[in-house]
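Q: Sharing a structure, written as structure tokens. Questions coming.
The values are calculated or read from the model by the stated rules, or taken from the named source; none is laboratory data. Computed from a prediction, not measured in an experiment: that's the story for all the values here. Backbone-built Cβ (ideal geometry, glycine too); neighbour counts: all protein chains shown.
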Amino acid sequence: MDTGDLYRQLADAVVNMDEDTAEKLARQAVDQGADAYQAIDGGLAWGMERAGKLFEEGEYFVPELILCADAMNRGIAILKPHLKPGAVKVRHRAVIGVIEGDTHDIGKNLVRIMLESSGFDILDLGRDVPPQSFADKAVETQAELILMSSLMTTTMDGMGELIRILKERNIRDDFKVAVGGGPISQAFADRIGADGYAKNAAEAVRLCKGLVSGGLGVTAPKAGVPAGIGA
């Protein structure tokens, strides 16, 4: 099979939520000697991008998007061991989590899935995350982005507390901070001094790409630091 056709079929398998076909085509790509990185980037990840657009247009919903991600990851598991050394550049890094006091994480999980399929390296801190932990993990992993979500008005102030902590430690300028969730608004983001706000997962991907600017690539290490949002 022509590699172009193979990549398109890989993308279709993701859009169609077909894990078995994604795996079968990934094995076929390996057998044909196709470039594993191109099969992932031009096939599986492209399919996930298409699924994200369908989600944004209201044709797909959260369950469908999760099944698309499962199909993508099934193919990646086959192709990843065959990546050539140096094929994947250091990616932009982000930490993501639900702010302390809130355990609603469906939106956060969706943002993580879509960012990972767009080439971001994501550390998911989970739910009920203290502001200090966001700061500590961002420094520890040399992240560029700190992404926080909340669905409860009673926990929103923790987002502002994170920014206060960053300023107190004189590291606010080291990170771009973005927020999202049901009760969050652009006005709230502006009030606490966040760098951005997204109302859904698709917007979060565009926002994050804009915040890191210039596309995905190698970032310079910060001095003294080892390399290493959802509705």
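Q: Out of all the residues in the range 166-178, is one or more outside any helix (DSSP H, G or I), closer than 19 Å to Ile113 by Cβ and touching a strand residue (DSSP E or B) at 6+ places or on another chain (Cβ under 8 Å)?
A: In the first step, residues of the range 166-178 are kept if they are outside any helix (DSSP H, G or I); the result is 169-171, 175-178.
Within this subset, residues satisfying the condition of being closer than 19 Å to Ile113 by Cβ are 178.
If we keep only those that are touching a strand residue (DSSP E or B) at 6+ places or on another chain (Cβ under 8 Å) as well, we get 178.
Looking for residues that are outside any helix (DSSP H, G or I), closer than 19 Å to Ile113 by Cβ and touching a strand residue (DSSP E or B) at 6+ places or on another chain (Cβ under 8 Å), one finds at least one in the range 166-178, hence yes.
Q: Regarding Ala36, is this residue over 19 Å from the mean Cα position of the chain (by Cα) and surrounded by 15 or more Cβ atoms within 10 Å (Cβ to Cβ)?
A: Numbers: over 19 Å from the mean Cα position of the chain (by Cα): yes; surrounded by 15 or more Cβ atoms within 10 Å (Cβ to Cβ): yes.
Considered against the rule, which asks whether it is over 19 Å from the mean Cα position of the chain (by Cα) and surrounded by 15 or more Cβ atoms within 10 Å (Cβ to Cβ), Ala36 comes out as yes.
Q: To continue, here is another question. Select, from Ala71, Ala77, the only residue that is surrounded by fewer than 15 Cβ atoms within 10 Å (Cβ to Cβ), outside the structural domain of Arg206 (by TED's automatic domain parsing), in a helix (DSSP H, G or I) and more than 15 Å from the chain's Cα centre (by Cα). If you could, list the steps in order and put the result at the bottom.
A: Working: Ala71 fails: surrounded by fewer than 15 Cβ atoms within 10 Å (Cβ to Cβ).
Just one listed residue meets the conditions, Ala77.
Q: Across the range 2-57, what is the total count of residues that are of a type in the set (Asp, Glu), assigned to a helix (DSSP H, G or I) and farther than 21 Å from Phe120 by Cβ? Even if it seems obvious, please write down each step before you answer.
A: Just the residues of the range 2-57 that are of a type in the set (Asp, Glu), to begin with: 2, 5, 12, 18-20, 23, 31, 35, 41, 49, 56-57.
Of the ones still in play, those that are also assigned to a helix (DSSP H, G or I) are 5, 12, 19-20, 23, 31, 41, 49, 56.
Adding the requirement that they be farther than 21 Å from Phe120 by Cβ leaves 5, 12, 19-20, 23, 31.
So the answer is 6.
Q: Of the residues that make up the range 120-138, is at least one aliphatic (A, V, I, L, M), modelled with pLDDT of 95 or more and either assigned to a helix (DSSP H, G or I) or touching a Phe, Trp or Tyr at 6+ places or on another chain (Cβ under 6 Å) (or both)?
A: yes
Q: Here's a follow-up. Among the listed residues Val30, Val14, which satisfies the condition of being modelled with pLDDT of 95 or more and buried (at least 21 other Cβ atoms within 10 Å of the Cβ)? Break it down into steps so the answer makes sense when it comes.
A: Working: Val30 fails: buried (at least 21 other Cβ atoms within 10 Å of the Cβ).
Matching residue, one of Val30, Val14: Val14.
Q: So how many residues does the range 139-165 have that are among the polar types (S, T, N, Q), within 19 Å of Asn109 (Cα to Cα) and either assigned to a helix (DSSP H, G or I) or modelled with pLDDT under 95 (or both)? Before the answer, list the steps.
A: Looking only at the range 139-165, we keep the residues that are among the polar types (S, T, N, Q), and these are 141-142, 149-150, 153-155.
From what's left, within 19 Å of Asn109 (Cα to Cα): 149-150, 155.
With either assigned to a helix (DSSP H, G or I) or modelled with pLDDT under 95 (or both) added as a condition, the list becomes 155.
Residues meeting the conditions: 1.
Q: Please go through (1) surrounded by fewer than 17 Cβ atoms within 10 Å (Cβ to Cβ); (2) within 20 Å of Gly97 (Cβ to Cβ) for Ala187 and return the number of the only condition it doesn't satisfy.
A: The one condition Ala187 does not meet is (2).
Q: Do we find a residue being part of a helix (DSSP H, G or I) and crowded, with 17+ Cβ neighbours inside 10 Å anywhere in the range 94-106? Please lay out each step first, then the result.
A: Kept after step one, since they are part of a helix (DSSP H, G or I), are these residues of the range 94-106: 106.
Narrowing further to those that are crowded, with 17+ Cβ neighbours inside 10 Å: none.
Scanning the range 94-106, I find no residue that is part of a helix (DSSP H, G or I) and crowded, with 17+ Cβ neighbours inside 10 Å, so the answer is no.
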